[in-house]
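What follows is one structure encoded as structure tokens, with my remarks underneath.
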Amino acid sequence: MAAARVLQAVGRRSRRVFDIFVAEIPWTVSSKELKEYFSQFGSVRRCQLPFDRNTGFHKRYCWIKFSTPEEVQNVLQKDSHILEGSKLALKHQIHRRHSQRRNQSE
């Protein structure tokens with residue numbers, strides 16, 4: 001039981017460490033293609049592209065983790081990001097502790 005709780009906590013923590021949330025991703029774009037595209041701005045440490053278990057397609061959004069804050073700024077400075085003719089919607093993730101989020105929602 002304790003091991004399961006540790007794994008759940010690690011999973012929650014890992015979702016909070018991503019730098020950029022990307023939405024409006026075309027169905028035909030893979031996580032490999034996303035990594036390749038965003039690597040022009042810096043070293044992509046991780047790309048998490050969730051899939052829908054029922055349809056088998058990705059959910060058209062992902063999270064990207066870069067090595068340094070400067071690389072994140074490089075991405076955000078570009079006016080628009082277009083993959084396969086579709087404009088991606090980017091949002092900078094703000095890193096906050098779990099306790100800070102809980103206090104703000106109360």
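Bear in mind these aren't lab numbers, they're just calculated from the coordinates by the rules spelled out. Everything numeric in this text was worked out from a predicted model, so none of it was measured. Neighbour counts are summed over all protein chains in view; Cβ atoms, including those assigned to glycine, are modelled from backbone coordinates with ideal geometry.
Quick one: of LYS65/LYS91; LYS65/LYS87; LYS32/LYS59, which pairs are farther than 18 Å apart, Cα to Cα? Checking Cα-Cα distances, LYS65/LYS87 exceed 18 Å.
Modelled spin labels at ILE94 and ARG46, positioned 7 Å past Cα toward Cβ, are 2.2 nm from each other. The modelled label-to-label distance for the pair THR68/SER39, using points 7 Å beyond Cα in the direction of Cβ, is 1.8 nm. Computed over the alpha carbons of the stretch 19-92, Rg followed by Dmax gives 11.8, 38 Å.
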